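The structure appears below as structure tokens.
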Amino acid sequence: ADQIRNRLRRGSRGGRPPTFDKAAYRQRNVVERCFDRLKQWRGIATRYDKTAESYQAAITLASLLMWA
């Protein structure tokens, strides 16, 4: 109880959250894994494309290929 009270007192300044939301963790894990798989594409990881349009197109293409 003392640890929970101290974590709540600190708020966003540090410490782990006093509760564990399983659904939120699952969704965050899916997003993090997607970013990890996208970073395996060399052009995306190094931001090789110069324009925003071509970079977005590369991300879209990689996402579609991952989905298939």
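Restricting the first member to region 52-68 and to residues that are in a helix (DSSP H, G or I) and at pLDDT below 95, and the second to residues that are among the hydrophobic types (A, V, I, L, M, F, W, C) and surrounded by 12 or more Cβ atoms within 10 Å (Cβ to Cβ), the beta-carbon pairs closer than 7 Å and six or more apart or on different chains are A58/I44; I59/L38; I59/I44; A62/L38; A62/W41; A62/I44.
Condition check: surrounded by 10 or more Cβ atoms within 10 Å (Cβ to Cβ), among the small types (G, A, S) and at pLDDT below 85. Does G15 satisfy that? Full working, then the answer.
Numbers: surrounded by 10 or more Cβ atoms within 10 Å (Cβ to Cβ): yes; among the small types (G, A, S): yes; at pLDDT below 85: yes.
When the stated conditions are applied, G15 passes them.
The values are calculated or read from the model by the stated rules, or taken from the named source; none is laboratory data. Computed from a prediction, not measured in an experiment: that's the story for all the values here. Cβ: placed from backbone, ideal geometry, glycine included. Neighbour counts: every protein chain shown.
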